[in-house]
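Undergrad: First the structure, which I've put down as structure tokens, then a few questions once you've had a look.
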Amino acid sequence: MKRRIQGLGATVSNVHNDVPDGVFLVRVDRAQYRWHQQKPYYSLRLTVLEPQDMAGRVVSGRLYCTSKALWKLGWFLRDFLYDPDLLSTEEVDEKALPGLRGVVKISHTTVNGTSLPNFDGFAPASQWEGLSCFSASVKKSGSEVA
């Protein structure tokens, strides 16, 4: 008997959909708060907008909400132009995050044989033109540019 299970295909690693290390202009598709006793985090799903040859690819990762990691969450929210009024009152509205755009630097770490994406840095979408040269140089040289 065959059953169709919606979303099952997204769990299969597709080599053609993997986002390599580099700098990308992205849009937030989904953000969900996940409570974990020691490390609460936001699970983010980002869609690549630029460079054009990577457009449409999806990368999912985490931004932790521990006291030591709040600086990175704040950096993400500021650079992706999250509502400053909500930010000043220390509120994150998950419904306000989808659609936000910005630049993200992505690298990968292998843990127990699984490749996990890291969000190493952020910048406003308005800076994409200046930063897109890093994406092109990564592609040409095959190595990461700091």
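The values are calculated or read from the model by the stated rules, or taken from the named source; none is laboratory data. It should be emphasised that the depicted structure is a prediction, and the values quoted were computed from it without experimental measurement. Don't worry about glycine lacking a Cβ; one is built from the backbone with ideal geometry, like all the others, and counts go over all protein chains shown. In case anyone asks, the SASA skips ligands and DNA or RNA and just uses the protein heavy atoms, side chains included. Shrake-Rupley method; radii C 1.70, N 1.55, O 1.52, S 1.80 Å.
Undergrad: Please give the net charge around Thr66, taking every other residue with its beta carbon less than 12 angstrom from that of Thr66, where Lys and Arg add +1 and Asp and Glu add -1.
TA: Here the charged neighbours net out to +4.
Undergrad: Provide the per-residue ³J(HN,Hα) series for the stretch 46-51, in order, calculated from phi with Karplus coefficients 6.51, -1.76, 1.60 and θ = phi - 60°, each as a whole number of Hz, with x at glycine and proline positions.
TA: 10, 10, 6, 9, 9, x
Undergrad: Something else about it: Please give me, ordered by residue number, the GluC sites (Glu not before Pro) of the stretch 38-140 that lie in loop per DSSP and have at most 13 other Cβ atoms within 10 Å. If you can, show how the numbers build up before the last one.
TA: Values: sites: Glu90, Glu91, Glu94, Glu129; in loops: Glu90, Glu91.
Here the sparse-neighbourhood loop sites are Glu90, Glu91.
Undergrad: Can I ask one more? Restricting everything to alpha-carbon atoms, can you work out Rg to Rh for the stretch 82-134 with a Kirkwood hydrodynamic radius?
TA: Checking Rg against Rh, the ratio lands at 1.09.
Undergrad: Moving to a separate point now. Taking the stretch 26-82, which chymotrypsin sites (Phe, Trp or Tyr not before Pro) meet the DSSP loop condition and have no more than 14 other C-beta atoms within 10 Å?
TA: Loop-located and lightly packed - Trp35.
Undergrad: With +1 on the Cβ of every Lys and Arg and -1 on the Cβ of every Asp and Glu, and nothing else charged, how large is the dipole of the chain about its Cα centre, in debye rounded to the nearest 20? Mind showing how you got there, number by number?
TA: Values: 18 positive and 15 negative charges, 145 e Å.
In debye, rounded to 20, the chain gives about 700.
Undergrad: Now a separate question. Relative contact order for the stretch 19-86 using alpha-carbon pairs under 8 Å, separation at least 6, rounded to a whole percent?
TA: The normalised contact order for the stretch 19-86 reaches 25 percent.
Undergrad: Now a separate question. With labels modelled as points extended 7 Å from the Cα through the Cβ direction, what inter-label distance (nm, one decimal) is found for Tyr33 paired with Leu87?
TA: The two pseudo-label positions are separated by 1.8 nm.
Undergrad: Which whole-Hz couplings ³J(HN,Hα) result when phi for each residue of the stretch 36-43 is put into the Karplus expression 6.51 cos²θ - 1.76 cosθ + 1.60, θ = phi - 60°, listed in order with x for Gly and Pro?
TA: Values, residue by residue: 9, 3, 9, 9, x, 8, 9, 8 Hz.
Undergrad: List the trypsin sites (Lys or Arg not before Pro) in the stretch 22-113 that DSSP assigns to loop (not H, G, I, E or B) and whose Cβ has at most 14 other Cβ atoms within 10 Å. Which are they?
TA: Lys68
Undergrad: Restricting attention to the alpha-carbon atoms of the stretch 18-124, what are Rg (one decimal) and Dmax (integer), both in Å?
TA: Using the Cα atoms of the stretch 18-124, the pair Rg, Dmax is 13.5, 42 Å.
Undergrad: At 1.4 Å probe size, with every protein chain present, just tell me what the per residue accessible area of the stretch 50-136 comes to in Å². All intermediate terms of the calculation are to be shown ahead of the outcome.
TA: Numbers: 5070 Å² over 87 residues.
Per-residue value: 58 Å².
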